[in-house]
Amino acid sequence: MKPIPDFIAYFRWVTIFILACLFALPAHAAQFKKGQKVWSKNYETPLRAEPGPLATVVATVDFAEKLSVRELQGAWIRVKSGEGEGWVFQGNVANEKPALAPGAGWTSIDASQTDTVAAARPLEPAAKGYAERHGAGDAEADIDWLDAQAALITGQDLVVTMSAEKLGEYQE
């Protein structure tokens, strides 16, 4: 793999980061109201002591658990459940009970129908050929590069950037 100029590497990382944030945003599509019932969308949704992504987790709720909205503060909602009470980012709840668990139905087989040998086998020759024709022939090196770049970014860097750009849990 050819060395990549620093500005291209930086641009690539910023683009990946922004796209990841945009996919994670609910974009205030759902407006919540005090007293309303909502449902958790994740396997383990953290309930926090304060409205902020770094606040202490006081409890967690399971997927599709019914919650009662107690208070609203920007993109944060204080909810009550059987597990306790706390603040949750609005992107982690839905107005309607989710029918499928996160990731369900994305694959053609259940994980229980495969094994580690099948999962670890190399790509089929046709897939390797396609990757090479499209400039992605060295996926392992690309993943190693991405991991190395990600290791350079600290959690505090993410908090500062997301806060400054008003992304994800920092949106107003």
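The values are calculated or read from the model by the stated rules, or taken from the named source; none is laboratory data. Since the model is a prediction, treat every value here as computed from it, not as a measurement. Note: ideal-geometry Cβ built from the backbone for every residue, glycine included; neighbour counts use all protein chains shown. Heads up: the accessible areas ignore ligands, DNA and RNA and are worked out on the full protein's heavy atoms, side chains in. Shrake-Rupley method; radii C 1.70, N 1.55, O 1.52, S 1.80 Å.
For region 131-164, filtered to residues that are touching a residue at least 40 places away in the same chain (Cβ under 8 Å) and not hydrophobic (A, V, I, L, M, F, W, C), the residue that is most open to solvent (accessible area, probe 1.4 Å) is 138. Please tell me if residue 167 is of a type in the set (A, V, I, L, M) and closer than 24 Å to residue 87 by Cβ. For residue 167, the condition - of a type in the set (A, V, I, L, M) and closer than 24 Å to residue 87 by Cβ - is met. Does at least one position in region 3-11 carry a residue that is surrounded by fewer than 16 Cβ atoms within 10 Å (Cβ to Cβ) and at pLDDT 90 or above? Scanning region 3-11, I find no residue that is surrounded by fewer than 16 Cβ atoms within 10 Å (Cβ to Cβ) and at pLDDT 90 or above, so the answer is no.
Selection within region 143-168: residues that are β-branched (Val, Ile, Thr) and outside any helix (DSSP H, G or I). The member of this set that is farthest from residue 131 (Cα to Cα) is 154. Of the residues making up region 44-60, those that are open to solvent by less than 40 Å² (accessible area, probe 1.4 Å) and within 17 Å of the chain's Cα centre (by Cα) are 45, 46, 47, 52, 53. Given the residues 98, 102, 125, which is the only one that is modelled with pLDDT under 70, open to solvent by less than 60 Å² (accessible area, probe 1.4 Å) and either hydrophobic (A, V, I, L, M, F, W, C) or on the phi < 0 side of the Ramachandran plot (or both)? 102 is the lone residue from the list that is modelled with pLDDT under 70, open to solvent by less than 60 Å² (accessible area, probe 1.4 Å) and either hydrophobic (A, V, I, L, M, F, W, C) or on the phi < 0 side of the Ramachandran plot (or both).
Matching residues to (1) open to solvent by 30 Å² or more (accessible area, probe 1.4 Å); (2) at pLDDT 90 or above; (3) within 15 Å of the chain's Cα centre (by Cα):
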{"residue": "42", "(1), (2), (3)": "yes, no, yes"}
{"residue": "66", "(1), (2), (3)": "yes, yes, no"}
{"residue": "84", "(1), (2), (3)": "no, no, no"}
{"residue": "88", "(1), (2), (3)": "no, yes, yes"}
